[in-house]
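First up is the structure itself, then whatever we jot down about it.
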Amino acid sequence: MRIVLLGPPGSGKGTQARLLKDHYGILQISTGDIFRRAIAERTPLGVEAEKYVSTGALVPDDLTIELVRNRLQQKDTARGFVLDGFPRTIPQAKGIDEIFEEFGWELDAVVYIDVPDDVLLERLVHRQTCPSCGMMYHRDSRPPVDEGTCDECRTPLEVREDDNEETFKKRLAVYFSLTSPLVDHYRHESRLLDIDGSGGVEEVFENISAALDDRHRSSRKRTHDKSKDAGSGRQDKGELHNSRRDP
């Protein structure tokens, strides 16, 4: 299964990507992880990306696409993956389409986690993040077992400096200016699965997995029907050929 997962800041996209990874036995791939690995390994593309990352600038689309291409060429992607937050722009979407066509892959679905602005704000101002493994917690709806400590790796949790109302509104405005056209693009192509992300983590995950499973069943049925129609067509041609030979 190959999935693109989209959602605004605070939608729980990273958490849902990890749940999908565990549920379907696929990889979770994010551009953040790709950038960090390429920079740490001092690859040519990583050195170029560091020039932007180190100053807080956006990595250009063409460079991002090449980094993603390199990651998807690795053998472990054969079991499937969820692209966490990529693509973010129309040029990136066209780039990923070209990569998939080059590799002979099909994109199974684009999942968009839709959450009202007021819910996003409430989540962000009460969010705690593990700086080590990236796990997210919420002081009210998803607190850690031990206050202030990550359940997974026991690292002290942090509150991000930009998790405040003023910064959030700016981040959200930037996100929608870039991503709204992308969402419309995938919806127009009938590849988008709109998911209500205002519920709890488990509820949202159940809705996502149910929608994906339904899409997968429908896809398999269409493939089966096409194969059946093709077989029927070959049989009809064979019967016509034989009838011409009958006296």
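Looking at (1) under 30 Å from Asp214 (Cα atoms); (2) in a helix (DSSP H, G or I), can you tell me which one Ala173 breaks?
Result: Ala173 fails condition (1) only.
If you take the residues in region 27-57 that are aliphatic (A, V, I, L, M) and surrounded by fewer than 13 Cβ atoms within 10 Å (Cβ to Cβ), which one is farthest from Gly95 (Cα to Cα)?
Ala40
Being out of contact with any Leu (no Cβ under 6 Å at 6 or more places or on another chain) and over 19 Å from Met135 (Cβ atoms): is that true of Tyr175 here?
Here the answer is yes, as Tyr175 does meet what is asked.
Going by the structure shown, is Leu124 surrounded by 13 or more Cβ atoms within 10 Å (Cβ to Cβ), over 27 Å from Arg2 (Cα atoms), touching a helix residue (DSSP H, G or I) at 6+ places or on another chain (Cβ under 7 Å) and in contact (Cβ under 8 Å) with a residue 12 or more places away in the chain?
yes
Could you list all residues from region 17-51 that are under 22 Å from Leu124 (Cβ atoms), out of contact with any strand residue (DSSP E or B) (no Cβ under 6 Å at 6 or more places or on another chain) and modelled with pLDDT of 95 or more?
Leu19
Inside region 1-116, counting only helices (runs of 4 or more DSSP H) that do not spill past its ends, which hold 1 or more residues that are of a type in the set (A, V, I, L, M) and more than 16 Å from the chain's Cα centre (by Cα)? Break it down stepwise before answering.
Details: elements: 13-24, 31-40, 44-53, 61-72, 90-103.
Passing ranges, in order: 31-40, 44-53, 61-72.
Go through (1) surrounded by 14 or more Cβ atoms within 10 Å (Cβ to Cβ); (2) in a helix (DSSP H, G or I); (3) not charged (D, E, K, R) for Ala210 and report which single condition fails.
Unmet for Ala210, out of (1) surrounded by 14 or more Cβ atoms within 10 Å (Cβ to Cβ); (2) in a helix (DSSP H, G or I); (3) not charged (D, E, K, R): (1).
Could you give me the residue pairs with C-beta distances under 7 Å whose first residue belongs to region 184-204 and is in contact (Cβ under 8 Å) with a residue 24 or more places away in the chain and within 14 Å of Lys94 (Cα to Cα), whose second residue is aliphatic (A, V, I, L, M) and loosely packed, with under 15 Cβ neighbours inside 10 Å wherever it lies, and which are 6+ apart or on separate chains?
If the second residue must be aliphatic (A, V, I, L, M) and loosely packed, with under 15 Cβ neighbours inside 10 Å, no pairs are left.
Yes/no per residue for (1) of a type outside the set (Phe, Trp, Tyr); (2) modelled with pLDDT of 90 or more; (3) assigned to a helix (DSSP H, G or I); (4) surrounded by 13 or more Cβ atoms within 10 Å (Cβ to Cβ):
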| position | (1), (2), (3), (4) |
| --- | --- |
| Asp151 | yes, yes, no, yes |
| Glu161 | yes, no, no, no |
| Glu203 | yes, yes, yes, no |
| Glu206 | yes, yes, yes, yes |
| Ser218 | yes, no, yes, no |
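Is there any pair with a first residue in region 80-103 that is closer than 14 Å to Glu66 by Cβ and surrounded by 19 or more Cβ atoms within 10 Å (Cβ to Cβ) and a second that is at pLDDT 95 or above and of a type in the set (Ser, Thr, Tyr) whose Cβ atoms are under 9 Å apart and which are 6 or more apart or on different chains, and what are they?
Phe86/Thr64; Pro87/Thr64; Gln92/Thr64; Gly95/Thr64
Please indicate, with yes or no, whether at least one residue in region 112-121 is without any contact (Cβ under 8 Å) to a residue 24 or more places away in the chain and aliphatic (A, V, I, L, M).
No, region 112-121 contains no residue that is without any contact (Cβ under 8 Å) to a residue 24 or more places away in the chain and aliphatic (A, V, I, L, M).
The values are calculated or read from the model by the stated rules, or taken from the named source; none is laboratory data. Since the structure is predicted, the reported quantities are computational estimates derived from the model, not experimental observations. A quick note on method: Cβ atoms are made from the backbone with ideal geometry, for glycine too, and the neighbour counts reach across all protein chains shown.
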